[in-house]
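One structure is given below, encoded as structure tokens.
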Amino acid sequence: MVRKIRDPKTYGNRLDSKVIELILEPRKQYKLGTWRGTWRVKWYLERYHDIDISESSVYRTLKRHNVKSLDKTTTRKAMWPKRYTKETPRHHVQVDVKFLVFNSPE
């Protein structure tokens, strides 16, 4: 009996090429790594692209595309997404003012 070797293009549950590009995008943009960053990439895909895949699929895809782990010099703060900052300081700041009136005892 001879085992049939499947062609990789015929697997039914293989990831789409667009999904693979979306997995590789957070690594370039936000420096999300391969080991602990897999759940961050998974969360990113669920939240912004409505794609639900497992962490192991993210890990295997990163390994398949030779994405190495981040070096130890990358700080934890650098791994988080960049926040939006305004060009003008104190722009769009709302301040509420409360006036207190005290009754003087007579």
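Scanning region 1-38 for residues that are modelled with pLDDT of 75 or more, aliphatic (A, V, I, L, M) and assigned to a loop (DSSP other than H, G, I, E, B) yields a count of 3.
Every residue, every condition in (1) open to solvent by 90 Å² or more (accessible area, probe 1.4 Å); (2) over 14 Å from P26 (Cα atoms); (3) modelled with pLDDT under 65, yes or no:
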position	(1), (2), (3)
D50	yes, yes, no
S56	no, yes, no
K77	yes, yes, yes
W80	yes, no, yes
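The values are calculated or read from the model by the stated rules, or taken from the named source; none is laboratory data. In this text, all values refer to a predicted model and were calculated from it rather than measured experimentally. The protein model used for the area step is the full one, side chains on, heavy atoms only, and it has no ligands, DNA or RNA in it. Shrake-Rupley method; radii C 1.70, N 1.55, O 1.52, S 1.80 Å.
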